[in-house]
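One structure is given here, and the rest of the page talks about it.
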Amino acid sequence: LGQNQHDSHRSSPVQLGSATNWSGGAVAPKATMMVNTAGQLWAWGNNATGGLGQGNNTQYSSPVQIPGTTWVDVVGGYECTGAVKTDGTLWTWGNNHRGYLGHNNTTSYQSPAQVPGTTWRIDNNTGITGMAARFIKTDGTLWSWGYNNGGGLGHNNTVQYSSPVQIPGTNWATVGGSSYNGIAIKTDGTLWTWGSNSKGQLGTNQTNGLLVSSPVQVPGTTWAYAYIPHQKFVLAAKTDGTLWSWGYNVWGPLGKNN
């Protein structure tokens, strides 16, 4: 929570310091990262694998700045962090045991390290989700790397990659996913899914248990946003404001009154 306290839970909102210029951020398991309008990047929380970018494994209960003043946006992953600068460069750090930092190795980093390329961008769903990374560049190309046991990287295989590999197409608009699944929308409003289908989460009316390691289209052409809050179900919205859901529903997260 960044309140300079440990294990002091809050059930009502508390302000983080006196700053009022926060512009974006991400909450990862046990850690928080925020960017402000001055281009500064701050992080706090658990730091067992160096995900706070301080060059150490020290836990911080108050915001600490990561070097640099040209940060634009940040995303959090499984004990790791990814952030983009104004020049379009992508930087990642933290846990890397599945190669999802994109540095062509499985070495963990305690400070930001650059992923090759200068046209990376972050939207409200892009990033390192679970143990896989998926990012879109400004030219509309889609890239993924990391854990791929369920075919969630979209490369028509189950090979693990520790460097960015392109998924075919140049008109991708937004992407998200989990360790086992990818989900993306193209600029034409079509929705595409891939990976594990153990609970029908691909939304293609196919048999449960089928693994699809390349993008397949979900019916419809007016999709605006799609999200996998859990690796086995999907929430998606259309441009007309309607909300759709499918997949795993044992606790009722699909909102179907069952």
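The values are calculated or read from the model by the stated rules, or taken from the named source; none is laboratory data. Model, not experiment: these values are computed from the prediction. With ideal geometry, Cβ positions are generated from the backbone for all residues, glycine too; neighbour counts draw on all protein chains shown. Remember, those area values only see protein heavy atoms, side chains included, never the ligands or the DNA or RNA. Shrake-Rupley method; radii C 1.70, N 1.55, O 1.52, S 1.80 Å.
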Given the peptides 170-176, 73-79, arrange them by the average over their residues of other C-beta atoms within 10 Å, most packed first.
73-79, 170-176
I'd like the chymotrypsin sites (Phe, Trp or Tyr not before Pro) in the stretch 223-256 restricted to DSSP loop residues with at most 12 other Cβ atoms within 10 Å, sorted by number.
TRP251
Keeping every protein chain present and rolling a 1.4 Å probe, give me the accessible area per residue for the stretch 107-166 in Å².
37
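Which net charge results for the neighbourhood of VAL175, defined as the other residues with beta-carbon distances under 13 angstrom from its beta-carbon, given Lys and Arg at +1 and Asp and Glu at -1?
Here the charged neighbours net out to +3.
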Förster radius 22 Å - calculated FRET efficiency between ASN124 and THR239, Cβ distance, rounded to 0.05:
0.90
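Sorting check: for 134-141, 62-69, 38-45, which peptide has the highest mean count of neighbouring beta carbons within 10 Å, and how do the rest follow? List each step's numbers first, then the result.
On the way: 134-141: 18.2, 62-69: 15.5, 38-45: 20.8.
Ranked by mean Cβ neighbours within 10 Å, highest first: 38-45, 134-141, 62-69.
Counting only protein heavy atoms and using a 1.4 Å probe, what share of the accessible area of the stretch 49-142 belongs to carbon plus sulfur, as a whole percent?
Numbers: 1630 of 3390 Å².
With neighbouring chains kept in place, the figure for the stretch 49-142 is 48 percent.
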Cα-Cα pairs above 23 Å in the chain: how many percent?
52
Per residue, accessible area of the stretch 53-102 with a 1.4 Å probe, heavy atoms of protein chains only, in Å², comes to 35
Qualifying trypsin sites (Lys or Arg not before Pro) for the stretch 169-258 [loop in DSSP, other Cβ within 10 Å: at most 14]:
LYS256
Leaving out ligands, DNA and RNA, and with a 1.4 Å probe, what % of the accessible surface on the stretch 144-258 is carbon or sulfur?
52
Give me the percent of Cα-Cα pairs in the stretch 48-118 that sit more than 20 Å apart, rounded to a whole number.
23
